[in-house]
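What follows is a set of notes on a single structure, which appears directly below.
The values are calculated or read from the model by the stated rules, or taken from the named source; none is laboratory data. These numbers come from a predicted model, not from an experiment. Here the Cβ positions follow ideal geometry from the backbone for every residue, glycine too, while neighbour counts run over all protein chains shown.
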Amino acid sequence: MQRIYTVGPAAIYPSVENHMRAFMAEQLGSVSHRSDAFRELYAATIHQVKTLLNIPAEYEIYMAGSASEIWERILLNTVDQFSHHLVYGDFSKRFYHYATALDKKPSMQEVPWGKSFSSEDVIIPDQTELIGICQNETSTGASIQLDLIYNLRKRYPDTLLAIDIVSAVPYVNLNYSMVDMAFFSAQKGFGLPTGLGIWIVSPRAIERASALRRKGKMMGAHHTIEQFHQNYKKGEVPSTPNMLAIYLLGKIASDMNEYGIERIRKETDCKAAILDKAIEDSALLKHFVKSSTDRSKTTIVAEVWDARVLSTLQRDYIVLSNGYGMYKDQHIRIGNFPAKSIDDMTHLAEALKSIG
Ligand SMILES: *Cc1c(COP(=O)(O)O)cnc(C)c1O
């Protein structure tokens with residue numbers, strides 16, 4: 001068996017296989033999404049995710065196909081013209097590009113890849129309706145301090161904040177009451193199979209969507225916030241959803257609740273420290289994110305001067321991610337998610353040591 005340490009699609013959480021069997025045994029794949037069985041399943045998933053991430057009761061959680069789909073829904077539903085984006089890698093930049101493609105008038109502030117932002121440097125144009133922030137930049141291994149996000153909330157109380165936490169959950173301890181929307185997909189921190197986007201939406205964002213519709217704004221035909229909201233009140237979703245993924249998300253969130261989110265966070269820190277040391281001790285690797293405060297704990301990116309590192313590891317059945325985009329052959333990326341144990345990380349650190 002290969003040992004998988006990719007950043008996404010990432011290693012599957014160990015209990016997923018058994019939950020999949022239970023899903024089949026209970027014939028849940030054939031359940032109607034207008035039935036009590038579905039409403040129960042959806043409610044259970046929402047309950048477990050809200051408990052795990054400490055999401056305020058009045059926030060709603062919608063299910064989409066992917067996180068990138070949610071970029072588009074956020075822009076269509078809550079921005080008339082002006083979104084502003086903090087860009088420090090490919091994912092944060094793509095959110096900005098979606099806004100351009102949708103004919104909005106977005107603005108952005110950019111720092112070099114491998115770096116992050118500090119509060120003092122962030123300037124938001126006056127007309128901004130929504131600030132898009134990718135909290136953990138999977139392409140570079142840099143991340144944004146939560147204080148920066150809270151600080152923006154205080155400085156710009158009327159501006160919506162939409163936070164991409166795709167490769168940060170469930171580790172990131174975000175105070176959701178300080179943001180209007182947050183979103184992630186299944187295949188990274190939760191260690192689930194691909195194909196589900198999870199969209200956390202505040203009452204204020206729902207109001208903003210209604211106000212935009214009343215103005216006659218085009219919000220797309222597929223799954224508007226208002227459609228989600230109307231269905232959510234009945235415990236339902238607008239159209240036939242990815243039942244298996246919603247089921248598995250609830251089961252894994254429940255397993256994580258049982259294991260303890262604090263324990264998951266502590267272990268993540270501990271595993272990140274093991275990797276940090278392995279990179280620092282290695283003659284072949286160097287941290288791409290130089291500042292340790294900017295460095296992600298969940299997606300660790302190292303520069304490699306010998307592109308054979310990945311293939312050498314592969315011979316030992318260890319699979320990492322290559323670099324993103326232009327860094328394809330110059331970086332390795334390691335996913336430090338709950339599916340990986342401390343033993344797994346120690347094993348990887350030893351393997352890195354053995355190749356230099
Ligand atoms: C993977 C990723 C996305 C895109 O998620 P999809 O589910 O593939 O659409 C967006 N943002 C970040 C930070 C990511 O890591």
Exercise. When the residues of region 23-38 are filtered to those that are touching a residue at least 12 places away in the same chain (Cβ under 8 Å) and surrounded by 14 or more Cβ atoms within 10 Å (Cβ to Cβ), which remaining residue is farthest from the chain's Cα centre (by Cα)?
Worked result: Val31
Exercise. Filtering region 57-89 down to residues that are over 17 Å from Leu160 (Cα atoms) and surrounded by fewer than 19 Cβ atoms within 10 Å (Cβ to Cβ), which residue is farthest from the ligand (Cβ to nearest atom)?
Worked result: Ala57
Exercise. Could you say which residue among Asp147, Asp164 is touching a residue at least 24 places away in the same chain (Cβ under 8 Å), under 19 Å from Val7 (Cα atoms) and of a type in the set (Asp, Glu)?
Worked result: Asp164
Exercise. Within region 284-316, can you find the residues that are within 30 Å of Ser119 (Cα to Cα), part of a loop (DSSP other than H, G, I, E, B) and not hydroxyl-bearing (Ser, Thr, Tyr)?
Worked result: Phe288, Val289, Lys290, Asp294, Lys297
Exercise. Given the conditions (1) surrounded by fewer than 22 Cβ atoms within 10 Å (Cβ to Cβ); (2) modelled with pLDDT of 95 or more, and given that Asp329 satisfies all but one, which numbered condition is not satisfied?
Worked result: (2)
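Restricting the search to region 219-236, which residues are among the aromatic types (Phe, Trp, Tyr) and farther than 15 Å from Arg34 by Cβ?
The initial filter retains those residues of region 219-236 that are among the aromatic types (Phe, Trp, Tyr), namely 228, 232.
Phe228, the sole residue that qualifies.
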Exercise. Which one of the conditions (1) closer than 21 Å to Ser116 by Cα; (2) over 20 Å from the mean Cα position of the chain (by Cα) does Val319 fail to meet, given that it meets all the rest?
Worked result: (1)
For this session: Among the residues of region 130-144, write down those that are part of a loop (DSSP other than H, G, I, E, B) and free of Cβ contacts under 8 Å to residues at least 60 places away in the same chain.
Result: Gln135, Ile144
For this session: Test Met20 against the stated conditions and say whether it is more than 16 Å from the ligand (Cβ to nearest atom) and surrounded by 15 or more Cβ atoms within 10 Å (Cβ to Cβ).
Result: yes
For this session: Quick one: Leu41 ticks every box in (1) within 16 Å of the ligand (Cβ to nearest atom); (2) among the hydrophobic types (A, V, I, L, M, F, W, C); (3) in contact (Cβ under 8 Å) with a residue 60 or more places away in the chain except a single one, so which number is it?
Result: (1)
Exercise. Mind checking which pairs have a first residue in region 331-356 that is more than 16 Å from Thr299 (Cβ to Cβ) and a second that is surrounded by fewer than 12 Cβ atoms within 10 Å (Cβ to Cβ) and among the aliphatic types (A, V, I, L, M), Cβ under 7 Å, 6 or more apart or different chains?
Worked result: Gly356/Ala283
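Strands (runs of 3 or more DSSP E) wholly in region 152-232 with at least 1 residues that are at pLDDT 95 or above and loosely packed, with under 15 Cβ neighbours inside 10 Å - which ones?
Working: elements: 160-164, 181-185, 197-201.
Output list is empty.
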